[in-house]
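S.K.: Once you've had a glance at the structure underneath, I'll fire off some questions.
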Amino acid sequence: MYKTKRAGFVLSCVAVATMNVAVGADPPRSADPPRADDKTTTAAPADSPELRLKMQLDEQQKEIEQLRVALGLLNKAPGATDVAAPVAPAPAAPAASPAATATPMVPATPASSPLQIKIGDTTIMPVGFMDLTADWKDKNAGGSLGSSFGSIPYNNATTAKLSEFRFSPQNSRIGFRVDGNWKGAHFIGYNEFDFLGTSGGNNLSITNGAFVPRIRLYWVDVRKNKFEFLAGQSWSMLTPNRKGISALPGDLFYSQVVDVNYMAGLTWTRQPGVRFLYHPSEQVTMGISFENPDQYIGGSSGGSSIVLPSALSGLAGTQLDNQTNVQTIPNVHPDIIAKIAFDPSNRTHLEFAGIDRTFRVWNPLINQYSTKAGVGGSINANVEILKNFRLVTNNYWSDGGGRYLFGQAPDVVLHADGTLSALHAGGTVDGFETVVNKNTLLYAYYGGIYIGRNVVVDANGTSLVGYGYRGSSNSQNRDIQELSFGFNQTIWKDARYGALNLMGQYEFLMRAPWYYAANVAGGKGTHDNTIYFNVRYTLPGGAPPVEK
């Protein structure tokens, strides 16, 4: 209504200006116009009524044009930019289909995102969302918001007698993205934090939910023509992609589940490193990365641990990582990962990846080194077989690559003579994702981890150690399996104001050990049920289109 009144006022000014010009002008003389062949015709004098009328009409036309521009500005939406002014790039809709990411899709609009800051050729945009998650588990696993896949309590354990429920905002994320162009190259800087960091406070549920932020992603990527380079902390290149070998979260497959630890059987980690990519065409990408290494023997996130020979037990936490120290473990060289991805269309993604690792320890008893190579590989696919219906399969197998299964499997065992032996481990995540009525995403997955046995005879010739030996703890898992299904419902979305989503997930988790003692209740295996509900508000806008 206010805009309408202003527009009416301007139109009235136009009418008054027109009347004033018409009344103030001298009436034209009723003289015949000069003929083209009239040789006596001369220019009108400078003070003639005809010339004064022409000048007044010209002035009137200028005033009308100025008022027309003013009227156009009044009718624009707040925040809109005039045509003659520089316009920031419009936010691009996410390249992936709605089934490609749990982040709600915000449609592009002719105006730039209200949260974008345009500085020359560089765009700075906040990224993130607010989460409130409610989770219920029928067994008190003693973990945090995420599932501890490898440490589900057995039925005879005290912790299995009680269920647990909590609210948590910890999966909320905040960060920023910087896009720009420099000398023909496009660069992206990406930063992201959540609040799942380890807190020193013990009163989080009593008086103050002061959850600690932690770094998730912090990297820069530069692409020029067919070559691309990335450095910083990103998702490992071994993590399955949905598109190319992009490090952007929306181009990765880490499932649609609410669980912050994702799916059992998924290969992933977020760690520092560098990667080099080559794009021979828009459909093919090849890459090699050098990422942070770690000689891991179990104990993280509820994962199984090996048992060392008694005389060499001091190597745990000093030369082999059992999660008791922070980045004090020696390593020979970075983990080397290679990947090739094929995207013949936006409906099909296929990739092959491999990893090479090297482990080395020093035996202080005999003053000798032991070195062992670790290798692994994966085959992953993401295919839209029907409109808005995708099948996904991700498959990984390794000798010495268990750390990449969310730390649920050790990498190596150690023999009594100080030599290393790689442990077999593999995982899979398979299922479907489908979009219904444009605003509802449904999904279902099966995930599984298998950990091989590697039995070691201790120096006394009788005791057994290693992994999966007779008499080993029932925490040494043979397999972990998960069935999950859920939904992601977009309540509303707008490029100017963001999006509001409601999500839910049901998770059925099972684990079985290599050995269980006779007559021990629940020794053959255990399971639990988990239900998640999540409310998410996502910041508005989208990144500008990438110039290649």
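The values are calculated or read from the model by the stated rules, or taken from the named source; none is laboratory data. Every value quoted in this text rests on a predicted model; they were computed, and no experiment measured them. Here the Cβ positions follow ideal geometry from the backbone for every residue, glycine too, while neighbour counts run over all protein chains shown.
S.K.: Looking only at the stretch 196-207, decide whether some residue is touching a Leu at 6+ places or on another chain (Cβ under 9 Å), assigned to a strand (DSSP E or B) and assigned by TED's automatic domain parsing to the domain that holds residue 335. Outline the logic, then answer.
M.R.: The first filter runs over the stretch 196-207 and keeps only residues touching a Leu at 6+ places or on another chain (Cβ under 9 Å), leaving 196.
Cutting the leftovers down to assigned to a strand (DSSP E or B) gives us 196.
Still in the running and assigned by TED's automatic domain parsing to the domain that holds residue 335: 196.
Yes, the stretch 196-207 contains a residue that is touching a Leu at 6+ places or on another chain (Cβ under 9 Å), assigned to a strand (DSSP E or B) and assigned by TED's automatic domain parsing to the domain that holds residue 335.
Here's the yes/no breakdown for (1) within 25 Å of residue 402 (Cβ to Cβ); (2) loosely packed, with under 15 Cβ neighbours inside 10 Å; (3) modelled with pLDDT of 95 or more:
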residue: 466; (1), (2), (3): yes, no, yes
residue: 486; (1), (2), (3): no, no, yes
residue: 495; (1), (2), (3): no, no, no
residue: 502; (1), (2), (3): no, yes, yes
residue: 507; (1), (2), (3): yes, no, yes
residue: 525; (1), (2), (3): yes, no, no
residue: 528; (1), (2), (3): yes, no, no
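S.K.: Of (1) touching a strand residue (DSSP E or B) at 6+ places or on another chain (Cβ under 6 Å); (2) within 24 Å of residue 392 (Cα to Cα), residue 250 satisfies all except one. Which?
M.R.: Residue 250 satisfies every listed condition except (1).
S.K.: Being under 19 Å from residue 269 (Cβ atoms) and out of contact with any Gly (no Cβ under 7 Å at 6 or more places or on another chain) is the filter here, so list the residues in the stretch 338-351 that pass it.
M.R.: Once the filter is applied, which keeps residues that are under 19 Å from residue 269 (Cβ atoms) and out of contact with any Gly (no Cβ under 7 Å at 6 or more places or on another chain), the stretch 338-351 yields only 351.
S.K.: Please state which of the following conditions residue 479 fails to meet, knowing it meets all the rest: (1) over 34 Å from the mean Cα position of the chain (by Cα); (2) under 23 Å from residue 295 (Cα atoms); (3) charged (D, E, K, R).
M.R.: Of the numbered conditions (1) over 34 Å from the mean Cα position of the chain (by Cα); (2) under 23 Å from residue 295 (Cα atoms); (3) charged (D, E, K, R), the odd one out for residue 479 is (1).
S.K.: Which of the following residues is crowded, with 16+ Cβ neighbours inside 10 Å and either closer than 30 Å to residue 305 by Cβ or modelled with pLDDT of 90 or more (or both): 124, 152?
M.R.: Values: 124 fails: crowded, with 16+ Cβ neighbours inside 10 Å.
Exactly one of 124, 152 is crowded, with 16+ Cβ neighbours inside 10 Å and either closer than 30 Å to residue 305 by Cβ or modelled with pLDDT of 90 or more (or both), namely 152.
S.K.: Considering 372, 387, which residue is among the basic types (Lys, Arg), more than 22 Å from the chain's Cα centre (by Cα) and surrounded by fewer than 17 Cβ atoms within 10 Å (Cβ to Cβ)?
M.R.: Numbers: 372 fails: surrounded by fewer than 17 Cβ atoms within 10 Å (Cβ to Cβ).
387 is the lone residue from the list that is among the basic types (Lys, Arg), more than 22 Å from the chain's Cα centre (by Cα) and surrounded by fewer than 17 Cβ atoms within 10 Å (Cβ to Cβ).
S.K.: Another question, then. Considering only the stretch 409-428, I want to know if a residue exists there that is buried (at least 20 other Cβ atoms within 10 Å of the Cβ), in contact (Cβ under 8 Å) with a residue 40 or more places away in the chain and among the acidic types (Asp, Glu).
M.R.: Among the residues of the stretch 409-428, at least one is buried (at least 20 other Cβ atoms within 10 Å of the Cβ), in contact (Cβ under 8 Å) with a residue 40 or more places away in the chain and among the acidic types (Asp, Glu), which makes the answer yes.
S.K.: Sort out which residues of the stretch 366-414 are touching a Pro at 6+ places or on another chain (Cβ under 7 Å) and part of a strand (DSSP E or B), and write them in order of number.
M.R.: 380, 394, 414
S.K.: I'd like to verify a number: residues in the stretch 155-183 that are modelled with pLDDT under 90 and of a type in the set (Gly, Ala, Ser), how many?
M.R.: 2
S.K.: Could you please let me know if residue 209 is surrounded by 14 or more Cβ atoms within 10 Å (Cβ to Cβ) and either free of Cβ contacts under 8 Å to residues at least 60 places away in the same chain or in contact with a Pro (Cβ under 7 Å, 6 or more places away or on another chain) (or both)? If you could, list the steps in order and put the result at the bottom.
M.R.: On the way: surrounded by 14 or more Cβ atoms within 10 Å (Cβ to Cβ): yes; either free of Cβ contacts under 8 Å to residues at least 60 places away in the same chain or in contact with a Pro (Cβ under 7 Å, 6 or more places away or on another chain) (or both): yes.
Answer is yes for this residue.
S.K.: Related question: Residue under question is residue 258, and the condition is that it be modelled with pLDDT of 95 or more and buried (at least 22 other Cβ atoms within 10 Å of the Cβ); does it hold? Before you say what the answer is, go through the steps one by one.
M.R.: Numbers: modelled with pLDDT of 95 or more: yes; buried (at least 22 other Cβ atoms within 10 Å of the Cβ): yes.
Yes; evaluated as a whole, the condition is true for this residue.
S.K.: Also, quick follow-up: Among the residues of the stretch 135-143, are any under 18 Å from the mean Cα position of the chain (by Cα), under 20 Å from residue 535 (Cα atoms), in contact (Cβ under 8 Å) with a residue 60 or more places away in the chain and surrounded by 15 or more Cβ atoms within 10 Å (Cβ to Cβ)?
M.R.: no
S.K.: Tell me, which residue of the stretch 217-231 that is crowded, with 18+ Cβ neighbours inside 10 Å and free of Cβ contacts under 8 Å to residues at least 60 places away in the same chain is farthest from residue 490 (Cα to Cα)?
M.R.: Restricting attention to the stretch 217-231, the residues satisfying the condition of being crowded, with 18+ Cβ neighbours inside 10 Å are 217, 219, 221, 223, 228, 230.
Okay, now just the ones that are also free of Cβ contacts under 8 Å to residues at least 60 places away in the same chain, so 217, 219, 221, 228, 230.
Values: 217: 26, 219: 30, 221: 31, 228: 35, 230: 33 Å.
The residue in question is 228.
S.K.: Do we have residue 480 as under 30 Å from residue 412 (Cα atoms) and either in a strand (DSSP E or B) or at pLDDT 95 or above (or both) here?
M.R.: Working: under 30 Å from residue 412 (Cα atoms): yes; either in a strand (DSSP E or B) or at pLDDT 95 or above (or both): yes.
Yes; evaluated as a whole, the condition is true for this residue.
S.K.: Among the listed residues 492, 514, which satisfies the condition of being within 22 Å of residue 302 (Cβ to Cβ) and aromatic (Phe, Trp, Tyr)? Step through it out loud before you land on a result.
M.R.: Working: 492 fails: within 22 Å of residue 302 (Cβ to Cβ).
Going through 492, 514 in turn, just one is within 22 Å of residue 302 (Cβ to Cβ) and aromatic (Phe, Trp, Tyr): 514.
S.K.: Let me ask you something else. Only one of (1) over 20 Å from the mean Cα position of the chain (by Cα); (2) more than 19 Å from residue 358 (Cα to Cα); (3) in contact (Cβ under 8 Å) with a residue 60 or more places away in the chain; (4) surrounded by 20 or more Cβ atoms within 10 Å (Cβ to Cβ) fails for residue 396. Which number is that?
M.R.: So residue 396 meets the others, but not (2).
S.K.: Here's a follow-up. Only residues that are of a type in the set (D, E, K, R) and within 16 Å of residue 145 (Cβ to Cβ): list them for the stretch 187-237, please. Give the derivation first.
M.R.: Initial filter on the stretch 187-237 (of a type in the set (D, E, K, R)): 192, 194, 214, 216, 221, 223-224, 226, 228.
Within the stretch 187-237, 194, 214, 216 meet the criteria.
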